[in-house]
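Undergrad: I have a structure I would like to understand better, so I am pasting it below and will then ask my questions one at a time.
The values are calculated or read from the model by the stated rules, or taken from the named source; none is laboratory data. What you are looking at is a predicted structure, and each value in this text was computed from that prediction instead of being measured. So basically every Cβ, Gly included, is an ideal-geometry build from the backbone, and we count neighbours across all protein chains shown.
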Amino acid sequence: MTETILSVHNISKQFGGIHAVSNVSFDVKRGEILGLIGPNGSGKSTLFNCILGQLKPSAGHCEIDGRPTDGVRPADLSLMGVGRTFQQLSVFPKMTVLDNVLLSGQEHEGSMLSRLFGPGDAGLTKKAEQLIEFFRLTPYRDTEAGSLSYGQQKLVDAAMAFMAGPGIVLLDEPAGGVNLTMLTHLKDRLMTYNREHGTTFVVIEHNMEFVMSLCTRIIVLAEGELIAEGTPEEVRSNQTVIDAYLGG
Amino acid sequence: MNPFKLLLLAVGLVALFVAPIGQGNYIIYTLNSWLLFSIAAMGLNLTLGYAGQVSLAQAGFMGIGAYVTALMTLAGIHWIFAAVLAISSCFLVGLMLGYPALRVQHHFLAFVTLAFNTLLFLVLRNEEEMTGGSLGLVGMPRPDIFGLSTGGNLQFYYFTLVCFVCAAGVMWWILRSPWGRAFMALRENPIRAESLGLKVRRQTLLAFAIGSAFGGLAGAIQAPLVQFIEPHSFGLIHSLKLLLMVVVGGSGFFFGPMLGAAVVILLPEVLRFTEGYYLIIYSALVIVLMAYSPGGLIGLGQKLFDKFRPKQQARHDLKQGVQL
C-alpha cells in the first residue's frame, strides 16, 4: 500500500474560453486531512468534480490508489473506496436515518441476487447503528431524515459517506449553513473518525476557522491556479493568500 | 411486522375470502377485476411510486400479457406456461422501454411511454392475422390448476385471489430487500444514490421491467376471466386509469394501489344510484382528494392520524443532553 492515496496530475479544465482550473497538481497522503480553500470562483468545485469523474478534465488526470479515475462512473468510484458529500444537503428525505445509512453500505455487500434474496438490511444494521451512535444520532434512528434540522442532516450525510468504509472521503463544504454548536460537534466527529480509522479527508470549505482547526495541510486555489500549500499556520501568514482573499 | 399489523392482514385476507360468497355473477366479476387491476397497479406503483419513473404504458403490458396468454391457451398450451411466458415477455419489453428513461425524465418520459402504449395498440389492431384486429380474440379457456377447475365465476375469483396474494407477497419481498431501498433512492436522489455505489442505470431498468411483469401477470389473468380481448381494452385510457389508481390510493405506499383500484373499479358501482351524476361526483371527489392530499387516500389517512396524535412529544435532543 503506497503512502499516497490521491494524486492529481496537471489538471486543467476550460469552459469555452474560461480557464476554471489551470495545471493543478498535488498529492494527498493516506490518513491526512487536506483542506482545499480559495475565494469564490477559484475553481475548487470544478477541481473536486474532475477528481470525482463528474467533469472530464481538459488536460491532466487523477489517480486514486494508483488507479486512474478518468471516465470512472460515480458508482464505481464509490466501490473503489471513495466517499463523498455534496455542497447541498443530499440525504434521502423520505427514508429513515437508519435506511439512509443502510443504503449507503448495501451496494458494497454481496451480489445483486444476494441483495434480493438475503436479509432486508444486507446484514448491516449493527454497523449502521454504530455509525449512527458515533454521530450521536441514535434518538433519530427511525425518524425520516427530511424532518431533521439542517445540521443533523449534515451529520447523516457524513455518516452515509463513511458507511462503506472508504479509504478517502471528499467533503464539499461540510460546514456550510451549520450553526456553531453543531460545527464543533461535526469537527470533533470528523477528527475522531480520522484518528480511529485512518480515513483520508479532502475538505472544500469557506469557513476559515473550521478548516484551519480541522486540516493538517491546506492547498489554496485562486483563479484556477494553486497559489499556496502548507500547514494552516503557513497558509494563514502567506502574503499571496492574503492578497487573493483581500483582492490585493 | 408487529402483531397488530399481522392481525389486520389476517382480517383482510379473511374479508377477501368471504367477499364473493352469496354474491351474484356481476359482483364476483367486479371483485375479480379489482384484484387483477390491483396487480397491475402494484407493478406501476413500483415503477412510479417507489422508483419515481413515470409510465403511461401499464395497460400496454397488460395487453402483451393478455395476448400472449390468449394465443398460447387457444393453441392448447396450459395457462401456467402461457402466464410464465407472458410475464417474461413483459419483463423483457419493460427492460427495453426502460432505456429511454436513462436519457429522459418526468413529462418527457411520460410521452415516451405514452407513445409506446399507442404503438402497441396499433400493432394489436393492425396485425389481424395474429391478434384478430379490432374483433380481438375470443374463447380463451379457464384453466384447471392442479386438477382444480376455475371454470365457475367463484372458482375463478379464488384463482385470481391466489395470484393476487402471490403477487403481493413478491412485491413485499422486493420492497423489504435492499432492492426496495435502492428503488426509493432512485426516486429521491439518483445523483446521491450513484455516489454511494448504486448502479442507477441497472436499477432504473429493473424498476421498469419488474413493474411491467406485474402488468403481464394481470393481463394473463384477464384473458381467461373475460374470455374476450381486443385492442381497446389496453389503450391509453386504461393506462391513465391505472395511473389514477396508483395516485388516488397513494403512490409509494404498499397498499395504495389496492385502495386506488378499489376506488376506480368499485366506487362507480357504489355511485350508480346517482345515475347520470356519478361521473361528476366521482371526478369532483378525485379533484378534492388530489388538491388536499397529493399522497392519495393513504396519505390522507396518515395526515389525519398525525392530526389526532398527541401533540406533546419529548425532544430527543434534550433527552440525550446534547444541544444539536
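Undergrad: Return the pairs, sorted by first residue and then second, in which the second residue is small (Gly, Ala, Ser) and at pLDDT 90 or above, the first residue lies in the stretch A:41-54 and is in a helix (DSSP H, G or I), the beta carbons are less than 7 Å apart, and the residues are 6+ apart or on different chains.
TA: A:Lys44/A:Gly38; A:Thr46/A:Ala20
Undergrad: Pairs please, first residue from the stretch B:145-156 and within 12 Å of B:Pro224 (Cβ to Cβ), second anywhere and surrounded by 12 or more Cβ atoms within 10 Å (Cβ to Cβ) and among the small types (Gly, Ala, Ser), Cβ atoms under 8 Å, 6+ apart in sequence or on different chains.
TA: Close Cβ pairs (under 8 Å, with a partner that is surrounded by 12 or more Cβ atoms within 10 Å (Cβ to Cβ) and among the small types (Gly, Ala, Ser)) amount to B:Gln155/B:Ser149.
Undergrad: Consider B:Val248 against the criteria (1) within 23 Å of B:Phe91 (Cα to Cα); (2) buried (at least 24 other Cβ atoms within 10 Å of the Cβ): it satisfies all of them except one. Which criterion is unmet?
TA: It is condition (1) that B:Val248 fails.
Undergrad: Considering only residues that are in a helix (DSSP H, G or I), of a type outside the set (A, V, I, L, M, F, W, C) and within 23 Å of the chain's Cα centre (by Cα), which ones fall in the stretch B:1-42?
TA: Selection gives B:Lys5, B:Gly12, B:Tyr26, B:Tyr29, B:Thr30, B:Asn32, B:Ser33, B:Ser38.
Undergrad: In the stretch A:99-109, how many residues are assigned to a loop (DSSP other than H, G, I, E, B) and at the interface with chain B (Cβ under 7 Å from one of its Cβ atoms)?
TA: Looking only at that region, the number is 2.
Undergrad: Please indicate, with yes or no, whether at least one residue in the stretch A:77-98 is more than 24 Å from A:His197 (Cβ to Cβ), without any contact (Cβ under 8 Å) to a residue 40 or more places away in the chain, more than 18 Å from the chain's Cα centre (by Cα) and more than 7 Å from chain B (Cβ to nearest Cβ).
TA: Among the residues of the stretch A:77-98, not one is more than 24 Å from A:His197 (Cβ to Cβ), without any contact (Cβ under 8 Å) to a residue 40 or more places away in the chain, more than 18 Å from the chain's Cα centre (by Cα) and more than 7 Å from chain B (Cβ to nearest Cβ), which makes the answer no.
Undergrad: Residues of the stretch B:171-196 being under 17 Å from A:Val82 (Cα atoms) and crowded, with 23+ Cβ neighbours inside 10 Å, which ones?
TA: B:Arg192, B:Ala193, B:Glu194, B:Ser195, B:Leu196
Undergrad: A:Ser7 versus (1) within 15 Å of the chain's Cα centre (by Cα); (2) in a strand (DSSP E or B); (3) more than 14 Å from every other protein chain (Cβ to nearest Cβ): which is the lone unmet condition?
TA: Answer for A:Ser7: the failing condition is (1).
Undergrad: Among the strands (runs of 3 or more DSSP E) contained in the stretch A:157-248, which hold 1 or more residues that are of a type in the set (Ser, Thr, Tyr) and within 22 Å of A:Ile5 (Cα to Cα)?
TA: A:200-204
Undergrad: Criterion first (within 14 Å of another protein chain (Cβ to nearest Cβ) and either buried (at least 17 other Cβ atoms within 10 Å of the Cβ) or at pLDDT below 85 (or both)) does B:Ile265 satisfy it?
TA: no
Undergrad: Does A:Arg136 satisfy the condition of being surrounded by 15 or more Cβ atoms within 10 Å (Cβ to Cβ), in a loop (DSSP other than H, G, I, E, B), within 9 Å of chain B (Cβ to nearest Cβ) and not β-branched (Val, Ile, Thr)?
TA: Judged against the criteria, A:Arg136 is a match.
Undergrad: Among the residues of the stretch B:166-210, how many are in a loop (DSSP other than H, G, I, E, B) and more than 8 Å from chain A (Cβ to nearest Cβ)?
TA: 0
Undergrad: Helices (runs of 4 or more DSSP H) wholly in the stretch B:235-306 with at least 3 residues that are farther than 29 Å from B:Phe121 by Cβ - which ones?
TA: B:278-292
Undergrad: Which ones in the stretch A:55-76 are at the interface with chain B (Cβ under 10 Å from one of its Cβ atoms), under 19 Å from A:Ile11 (Cα atoms) and either small (Gly, Ala, Ser) or in a helix (DSSP H, G or I) (or both)?
TA: A:Pro74
Undergrad: Looking for whichever is modelled with pLDDT under 90 and not β-branched (Val, Ile, Thr) here; the options are A:Gly248, A:Gly230. Which one fits?
TA: When all the criteria are applied, what remains is A:Gly248.
Undergrad: When the stretch A:110-128 is examined, which residues are found to be surrounded by 19 or more Cβ atoms within 10 Å (Cβ to Cβ) and part of a loop (DSSP other than H, G, I, E, B)?
TA: A:Asp121, A:Ala122, A:Leu124 - these are the residues of the stretch A:110-128 that are surrounded by 19 or more Cβ atoms within 10 Å (Cβ to Cβ) and part of a loop (DSSP other than H, G, I, E, B).
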